[in-house]
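Novice: A single structure is presented below for examination.
The values are calculated or read from the model by the stated rules, or taken from the named source; none is laboratory data. Since the structure is predicted, the reported quantities are computational estimates derived from the model, not experimental observations. Here the Cβ is made from the backbone with ideal geometry for all residues, glycine too, and neighbour counts use every protein chain on show. SASA here: full protein model, heavy atoms, side chains in, ligands and nucleic acids out. Shrake-Rupley method; radii C 1.70, N 1.55, O 1.52, S 1.80 Å.
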Amino acid sequence: MLFQIKGVCFSYGSVPVLENVTFNVQSGEMLGIVGPNGSGKSTLLRCLARVLKPRVGTIFLDRKNLADLRGREVGRCLGYVPPPGTGQAFPCTVLETILQGRRPHLTWGVGERDLVVASRALDYLGLTDLGDRQLGELSSGQRQKVFIARALAQEPVVFLLDEPTATLDVRYQLEVLALMQELARSHQRLVVVVLHDLNLAARYSDHLILLHEGRIFAAGAPEAVLSPENIRTVYGVEAVVAKNRWGLQITPVAPLNGPANGDILEGKEMAGKTLAVQA
Amino acid sequence: MDLLAGMSGPAEKNLPAVKAAYSRYTGRKVLLLIVLLGVLLLGILYSTAVGAAGISGKDVIGAILARWGLKVFPASELAQTVVWQLRLPRVFLAVLTGMSLAGAGAVMQGVLRNPLVSPYTLGLSSGAAFGAAMAIVLGTGLLGGSYLALSKWLIVTNAFIFGALTMVLAYLLATFKGLAPEVLVLGGVAIGYLFQAGVSLLKYISNHEALRELVVWLMGGFWGANWQTVGLVAPVVFGSIGGLLYFAWDLNVLGAGEEVAANLGVNVSRVRLFTLGLSTLVASAAVAFTGIIGFIGLVSPHICRMLIGSDNRFLIPSSCLMGAVLLLFSDTLARTVIAPTELPVGIITALMGSPFFIYLLIKKKRQWWG
């Protein structure tokens with residue numbers, strides 16, 4: 001399975017958000033999208049999920065134009081997890097929410113197979129005991145897991161997650177990203193994940209795309225993309241990048257031209273260098 | 001594409017519990033439908049039996065069966081006339097109106113993702129009121145024509161046209177803003193106020209007789225019920241509700257947000273157009289014949305949400321039945337509470353319904369909206 005994004009441009013009204021974005025992802029891969037606020041990460045993800053249609057450019061899924069997919073095929077191919085904060089308008093149980101993900105597969109009745117998939121999705125995310133709870137009664141982290149389980153219930157080839165870890169505690173962050181990694185590696189899915197946390201992005205992604213003002217500023221292996229120079233240019237932040245057994249350790253030190261504080265003097269000496277730390 | 005098949009063990013152990021939970025929920029929803037249907041049927045019998053001329057339940061059944069040529073219980077000529085010509089049309093019109101207002105309310109709330117929405121709050125009723133006021137006060141409507149001969153039909157058509165027009169205007173207004181639900185809701189409310197001002201103006205300039213007729217129309221009621229009316233409203237109601245049920249899953253998914261719905265393969269703007277169109281059609285048709293009846297369209301869906309949740313496959317039909325039961329009950333009360341004088345049904349729905357709804361709102365501890 002090959003996901004090809006060719007020359008995608010998008011604008012809200014007259015404000016261009018994405019300009020000529022081109023890249024390929026293959027199944028088995030986990031792609032991270034990083035970049036500062038307003039760099040177009042979420043917009044790009046929404047174009048990939050066919051929630052938005054690119055103004056210019058084409059997206060191919062195995063040489064099939066994404067724009068040509070008909071209704072439910074979209075949901076069977078692409079599983080989108082919205083950013084935290086989008087909930088249900090009306091009371092809804094966890095099980096009902098997850099069954100929404102079966103919409104692309106069913107017409108009216110919920111069948112045996114739908115319930116099997118739903119129970120596996122519940123179990124996969126450790127939500128088994130919460131099945132008949134109201135969504136509104138859960139913590140934001142649990143709710144986020146429910147939304148991931150809903151995408152899982154779609155049984156898609158491509159998973160598209162917008163900031164899945166933003167409301168999760170440390171343990172849940174690791175759990176969720178490890179699950180996504182497993183989906184990519186063991187189940188040959190294709191995972192695209194928008195992340196703010198550069199450390200997590202570097203650690204779990206096979207490849208990274210760094211967006212800057214709607215364009216791809218850098219793409220490739222995490223070490224190459226998240227260099228101190230790139231972080232300085234794109235984020236306007238001095239950072240120390242260290243490499244250890246678990247991937248990159250990125251410590252943002254101070255904003256360029258920003259107010260100074262106590263630790264910075266020491267930090268500045270090392271900033272701008274990639275350190276190799278023996279772990 | 002068996003994504004999760006690799007994982008077995010605990011997931012499979014979990015399956016019976018999930019299945020049990022799902023069938024328990026579904027059973028509850030089906031049970032509510034059956035109970036409501038039973039209550040409605042009993043209500044129809046009871047409501048047909050009570051009134052100025054008391055008729056026993058046996059006579060009611062006898063009269064209905066006699067009509068179909070089954071003389072099981074012989075019913076008197078009087079009972080037959082009262083049941084068949086007076087009571088049943090009125091009962092059926094109340095049932096149909098309750099169904100259409102509650103069904104339209106449930107769907108409008110769902111598609112606009114707003115718990116405060118109903119045909120009444122969206123301005124549809126105000127539009128219909130303006131249409132009716134125009135016909136009553138000016139004796140002329142969009143269609144023109146001789147007042148005396150066409151009076152009743154003029155009111156009905158005008159009310160229907162202007163009720164539907166409110167929603168069409170609100171919809172067109174919202175298309176300028178990418179069909180945002182908030183714009184649609186606020187636009188409907190604003191247009192509703194505009195028409196209300198029109199109604200006030202017409203009230204102010206009308207003569208004594210017209211004013212009285214208008215005030216009575218505005219309070220809503222089923223005085224004008226006859227078989228012809230029922231025959232006109234019934235196909236619209238059942239057709240529209242059937243059409244709305246077709247979109248039940250799409251509405252469910254839309255509850256999760258537009259983006260998720262779009263990703264799940266729902267054509268959001270198409271679903272909005274069709275569901276709002278059908279619910280406008282059904283609500284306008286009912287309001288045109290009965291006048292303004294608030295409350296039912298707002299509250300019936302919420303009572304059902306509290307009982308069975310928000311699955312539109314069950315929420316829409318159970319809201320319809322709930323609306324029918326509530327409105328039939330209110331109308332029966334309106335006819336009998338200070339008989340032989342009748343109260344406008346709108347007074348009863350609000351007077352009885354509001355405290356009941358507030359009670360439910362407080363009693364339920366769970367947080368249902370938000």
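Novice: If you check B:G224 against the conditions, is it of a type in the set (G, A, S), open to solvent by 40 Å² or more (accessible area, probe 1.4 Å), more than 30 Å from B:R272 (Cβ to Cβ) and in a helix (DSSP H, G or I)?
Specialist: Details: of a type in the set (G, A, S): yes; open to solvent by 40 Å² or more (accessible area, probe 1.4 Å): yes; more than 30 Å from B:R272 (Cβ to Cβ): yes; in a helix (DSSP H, G or I): no.
No: the conditions fail for B:G224.
Novice: Looking only at segment A:122-133, filter to residues that are assigned to a helix (DSSP H, G or I) and of a type in the set (A, V, I, L, M, F, W, C); which one of those is farthest from the other protein chains (Cβ to nearest Cβ)?
Specialist: Just the residues of segment A:122-133 that are assigned to a helix (DSSP H, G or I), to begin with: A:122-124, A:128-130.
Checking the rest, the ones that are also of a type in the set (A, V, I, L, M, F, W, C) come to A:122, A:130.
On the way: A:L122: 7, A:L130: 11 Å.
Top of the filtered list is A:L130.
Novice: Right, something else. Quick test of your reading of the structure: B:N312 fulfils all but one of (1) within 14 Å of chain A (Cβ to nearest Cβ); (2) surrounded by fewer than 24 Cβ atoms within 10 Å (Cβ to Cβ). Name the failing condition by number.
Specialist: Single failed check for B:N312: (2).
Residues checked against (1) of a type in the set (A, V, I, L, M, F, W, C); (2) without any contact (Cβ under 8 Å) to a residue 60 or more places away in the chain:
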residue	(1), (2)
A:P16	no, no
A:P36	no, no
A:C47	yes, yes
A:V56	yes, yes
A:I59	yes, yes
A:R63	no, no
A:A67	yes, yes
A:C92	yes, yes
A:G111	no, yes
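Novice: Look through A:N257, A:N199 and report the one residue that is among the polar types (S, T, N, Q) and within 15 Å of the chain's Cα centre (by Cα). Show your work before the answer.
Specialist: Values: A:N257 fails: within 15 Å of the chain's Cα centre (by Cα).
Within the list A:N257, A:N199, the selection yields A:N199.
Novice: Which is within 10 Å of chain A (Cβ to nearest Cβ) and of a type in the set (A, V, I, L, M), of B:L307, B:L273, B:L281, B:L245? So that I can check it myself, show each step before the final result.
Specialist: On the way: B:L307 fails: within 10 Å of chain A (Cβ to nearest Cβ); B:L273 fails: within 10 Å of chain A (Cβ to nearest Cβ); B:L281 fails: within 10 Å of chain A (Cβ to nearest Cβ).
Sole residue among the options that is within 10 Å of chain A (Cβ to nearest Cβ) and of a type in the set (A, V, I, L, M): B:L245.
Novice: May I pose another question? Among the residues of segment A:154-181, which ones are out of contact with any Asp or Glu (no Cβ under 8 Å at 6 or more places or on another chain) and assigned to a helix (DSSP H, G or I)?
Specialist: A:V170, A:R171, A:Y172, A:L174, A:E175, A:V176, A:L177, A:A178, A:L179, A:M180, A:Q181 - these are the residues of segment A:154-181 that are out of contact with any Asp or Glu (no Cβ under 8 Å at 6 or more places or on another chain) and assigned to a helix (DSSP H, G or I).
Novice: In the set A:S186, A:S119, which member is outside the structural domain of A:R70 (by TED's automatic domain parsing) and part of a helix (DSSP H, G or I)?
Specialist: Numbers: A:S186 fails: outside the structural domain of A:R70 (by TED's automatic domain parsing).
On inspection, the qualifying residue turns out to be A:S119.
Novice: Still on this structure, please answer the following. Looking at A:R133, A:R143, can you tell me which residue is open to solvent by 40 Å² or more (accessible area, probe 1.4 Å), in contact with a strand residue (DSSP E or B) (Cβ under 8 Å, 6 or more places away or on another chain), closer than 24 Å to B:M306 by Cα and not assigned by TED's automatic domain parsing to the domain that holds A:L208?
Specialist: Working: A:R143 fails: in contact with a strand residue (DSSP E or B) (Cβ under 8 Å, 6 or more places away or on another chain).
Just a single option satisfies the conditions, and that option is A:R133.
Novice: Which residue pairs have Cβ atoms closer than 6 Å, lie 6 or more positions apart in sequence or on different chains, and pair a first residue in segment B:194-217 that is under 21 Å from B:G123 (Cβ atoms) with a second residue that is among the aromatic types (F, W, Y) and buried (at least 16 other Cβ atoms within 10 Å of the Cβ)?
Specialist: Correct list of pairs: B:F195/B:F130; B:G198/B:F130; B:V199/B:F130.
Novice: Being more than 11 Å from chain B (Cβ to nearest Cβ) and either assigned to a helix (DSSP H, G or I) or small (G, A, S) (or both) is the filter here; which residues of segment A:134-153 pass it? Explain how you work it out, then say what you get.
Specialist: Narrowing segment A:134-153 to residues more than 11 Å from chain B (Cβ to nearest Cβ): A:138-145, A:148.
A:S139, A:S140, A:G141, A:Q142, A:R143, A:Q144, A:K145, A:I148 - these are the residues of segment A:134-153 that are more than 11 Å from chain B (Cβ to nearest Cβ) and either assigned to a helix (DSSP H, G or I) or small (G, A, S) (or both).
Novice: Among (1) part of a loop (DSSP other than H, G, I, E, B); (2) not assigned by TED's automatic domain parsing to the domain that holds A:P16, where does A:L52 come up short?
Specialist: (2)
Novice: Could you say which residue among B:S118, B:S126, B:S151 is closer than 24 Å to B:S319 by Cα, open to solvent by 10 Å² or more (accessible area, probe 1.4 Å) and among the small types (G, A, S)?
Specialist: On the way: B:S118 fails: open to solvent by 10 Å² or more (accessible area, probe 1.4 Å); B:S151 fails: closer than 24 Å to B:S319 by Cα.
Step by step, each of B:S118, B:S126, B:S151 is checked, and only B:S126 is closer than 24 Å to B:S319 by Cα, open to solvent by 10 Å² or more (accessible area, probe 1.4 Å) and among the small types (G, A, S).
Novice: Can you report the number of residues in segment B:334-347 which are farther than 18 Å from B:F289 by Cβ, part of a helix (DSSP H, G or I) and among the aliphatic types (A, V, I, L, M)? Before the answer, list the steps.
Specialist: Filtering segment B:334-347 down to residues farther than 18 Å from B:F289 by Cβ leaves B:336-341, B:343, B:347.
The next check asks that each one be part of a helix (DSSP H, G or I); those that pass are B:336, B:347.
When the remaining residues are screened for being among the aliphatic types (A, V, I, L, M), the result is B:347.
Of the residues in that region, 1 qualify.
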